[in-house]
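Trainee: Below: one structure in structure tokens.
Where a number appears in this text, it was derived from the coordinates with a stated rule and is not lab data. Every value quoted in this text rests on a predicted model; they were computed, and no experiment measured them. Heads up, the Cβs are rebuilt from the backbone with ideal geometry, glycines too, and the neighbour counts pull from every protein chain shown.
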Amino acid sequence: MAVYDAIGTTYAGTRRPDARIAARIEAALGDAASVVNVGAGTGSYETARTVLAVEPSPVMIAQRPDGSAPAVRAVAERIPVVDGAADAVMALLTVHHWSDLAAGVAELRRVARRRVVILTWDQAVFRRFWLVEEYLPEAAAFDDTRAVPVERLAAMLGGARVEPVPVPHDCTDGFGAAFWRRPAAYLDPVVRAGISMLAQPGEELLRPGLARLAADLASGRWRDRHRDLATHDEFDAGYRLVIDERETAS
Ligand SMILES: C[S@@+](CC[C@H](N)C(=O)[O-])C[C@H]1O[C@@H](n2cnc3c(N)ncnc32)[C@H](O)[C@@H]1O
């Protein structure tokens, strides 16, 4: 069973695309007229130019809004379309789930005529995020096993451009670091269910750290330690766009 068949049931509720991140992805896609979205999930960040969504989990496909691009149940490692099927291929917060990264990246390059856009994260930067550094090192250790080094990804794409994607303080897409200024959100099991590094290791493992976070929020200790965060509107938790610009329009 695909992982997201088990952990993805509430995804559409907590993982609503954020307009500011959407603007960065749009800019990265540039003038591509057609886009294939690989590891598409519920369809976050898809625009009208998306011609196909590729997604292995039927639970995720079922949460795609009416009117979304057609979705095919398939994996990145074997995308069921012809070579050069779209101007651009995007793969957002998904490469760390793939069983064969090299095969998946080769497929993205085969399908994209001009541009590959990947959203991922730099684990070395992410590890400094207060949630995992101070409370849930187990979640960071879990991510250590699957995080794809950004430089490796860029090299696999033949020397791609890397752009930081800062997280707004009120980010609507509830991924791992989305709640950096709203710590109580991490105590909500529905929020955690939409974040694979918190959903996959299991509640048992994370319980002591979550209990410490709850206690520090109640006592004011968290606020005292992280007073400076209130002065920032966005935060670099390590999210990165990796953009392979292969050809310009002729
Ligand atoms: C964190 S979700 C991201 C979904 C969407 N791209 C987004 O940004 O909201 C990761 C997605 O990757 C999918 N996935 C897992 N393994 C995959 C594979 N081998 N090929 C393609 N997608 C995969 C999961 O089913 C899940 O929908």
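Trainee: Sorted by average packing, counted as other Cβ atoms within 10 angstrom per residue and highest first, what order do 109-119, 186-196, 154-164 take?
Mentor: Most protected by this proxy first, the peptides run 109-119, 186-196, 154-164.
Trainee: Find how many whole Å separate the alpha carbon centroid of the range 93-133 from the alpha carbon centroid of the range 186-250.
Mentor: What the calculation gives is 18 Å, centre to centre.
Trainee: Exposure proxy check: Arg128, Arg16, Arg24 ranked by fewest other beta carbons within 10 Å? Intermediate values should be presented prior to the final figure.
Mentor: Values: Arg128 12, Arg16 15, Arg24 19.
Listed from fewest to most nearby Cβ atoms, that is Arg128, Arg16, Arg24.
Trainee: Along the three principal axes, how long is the chain when you take its alpha carbons, biggest first, rounded to the nearest angstrom?
Mentor: In descending order, the Cα extents are 60, 35, 31 Å.
Trainee: Give, as ranges by residue number, the residues of the range 147-188 whose backbone N falls under 11 Å from the point 7 Å along Cα→Cβ of Glu245.
Mentor: 161-162, by backbone N distance to the label point.
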